[in-house]
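Chemist: Structure incoming, see below.
The values are calculated or read from the model by the stated rules, or taken from the named source; none is laboratory data. On a predicted model such as this, the values are computed, not experimentally measured, just so you know. All Cβ positions, even for glycine, are placed from backbone atoms using ideal geometry, and neighbour counts span all protein chains on display. To get the accessible areas, we keep the full protein, side chains included, count just its heavy atoms, and leave off ligands, DNA and RNA. Shrake-Rupley method; radii C 1.70, N 1.55, O 1.52, S 1.80 Å.
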Amino acid sequence: MSLKTKTITTAAYERLKADICSGKYKAGQHLLEKELCNDLEVSRTPIRDALVRLQEEGLVISKPHRGVFVRKLTEKDIRDYYETRAVLEGLGAKLAALNMTNEHKRYFENLMEDMKFALSEKGDNHKIIALNNALHDYIFKVADNDVLDKMRRTLSWSIALIRATSWINENRKFEVFEEHVKIIKGIVEKQPEEAKVAAEDHIYKAWESAASNLSNLSDEEED
């Protein structure tokens, strides 16, 4: 495979991954190679290679004689992810509060302002999700625990797939912002236990939203 082909394949993979995690392609949606080729303006080979990588990461599944589909999560998938993530995020926020500096505080404040602005722009889910990821990434950067961050990143794309479903309800975006405000308040004020509790509460509410939307999607499919 030439360097150019590798570059095209990587670009196709990253674009498809972002589109799945942003909710452009819905859970259970059939990903047709021809349509993907047209959307990304590439040949079938990079698309096929990208789909193989996405399947390895658990974002898509291949059904014999039927094709490739965006993974549809089960209630157990969601429970397993969020139970684990609550522990990781709680500890991350606690450690971040213990490591806070004025430089960190300024960065958090700027991120929150950016998120507030993004919420005022209706329909810009890509930007909101990107800023949400940046906020959680920075919390773990401040926490400065490489083992903890590595564990979190093993869940990152599965969590992103869940998030794409859980934000079907537009009001959830505003709830998430308020939950983030509480987490960051605990961190910047160097209150580790408050930050930990706020982070855990945020994850449990996200779990509740994701489970509810999964149930609603299942009901719609049965109608």
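Chemist: So how many residues does segment 46-60 have that are farther than 18 Å from Lys72 by Cβ and open to solvent by less than 10 Å² (accessible area, probe 1.4 Å)?
Modeler: 3
Chemist: Give the residue that is farthest from Thr154 (Cα to Cα), with candidates limited to residues of segment 61-80 that are touching a helix residue (DSSP H, G or I) at 6+ places or on another chain (Cβ under 7 Å) and open to solvent by 40 Å² or more (accessible area, probe 1.4 Å).
Modeler: Filtering first and then ranking leaves Ser62.
Chemist: Against the definition (part of a helix (DSSP H, G or I) and surrounded by 15 or more Cβ atoms within 10 Å (Cβ to Cβ)), how does Ala96 come out, yes or no?
Modeler: Here the answer is yes, as Ala96 does meet what is asked.
Chemist: Of the numbered conditions (1) open to solvent by 70 Å² or more (accessible area, probe 1.4 Å); (2) within 23 Å of Val176 (Cα to Cα); (3) among the acidic types (Asp, Glu), Glu35 fails exactly one; give the number of that condition.
Modeler: (2)
Chemist: So, in segment 116-130, exactly how many residues are in a helix (DSSP H, G or I) and closer than 21 Å to Ile20 by Cα?
Modeler: Residues flagged as in a helix (DSSP H, G or I) and closer than 21 Å to Ile20 by Cα within segment 116-130 amount to 8.
Chemist: Restricted to segment 175-195, and to residues that are charged (D, E, K, R) and over 21 Å from the mean Cα position of the chain (by Cα), which residue is nearest to Leu98 (Cα to Cα)?
Modeler: Among residues in segment 175-195 that are charged (D, E, K, R) and over 21 Å from the mean Cα position of the chain (by Cα), the one nearest to Leu98 (Cα to Cα) is Lys190.
Chemist: Additional query: May I ask you to verify whether Phe69 is modelled with pLDDT of 90 or more and touching a strand residue (DSSP E or B) at 6+ places or on another chain (Cβ under 6 Å)?
Modeler: Spelling it out, Phe69 is indeed modelled with pLDDT of 90 or more and touching a strand residue (DSSP E or B) at 6+ places or on another chain (Cβ under 6 Å).
Chemist: Another question about this same structure. Do the conditions hold for Ala12, that is, is it touching a Pro at 6+ places or on another chain (Cβ under 7 Å), touching a residue at least 12 places away in the same chain (Cβ under 8 Å) and open to solvent by less than 60 Å² (accessible area, probe 1.4 Å)?
Modeler: Taking the combined requirement at face value, the residue satisfies it.
Chemist: (1) free of Cβ contacts under 8 Å to residues at least 12 places away in the same chain; (2) in a helix (DSSP H, G or I): which one isn't true of Ile61, the others all being true?
Modeler: Against the list (1) free of Cβ contacts under 8 Å to residues at least 12 places away in the same chain; (2) in a helix (DSSP H, G or I), Ile61 comes up short only on (2).
Chemist: A further question follows. Report, by residue number, each residue of segment 81-93 that is at pLDDT 90 or above, open to solvent by 30 Å² or more (accessible area, probe 1.4 Å) and not polar (S, T, N, Q).
Modeler: Passing the criteria: Glu83, Val87, Leu91.
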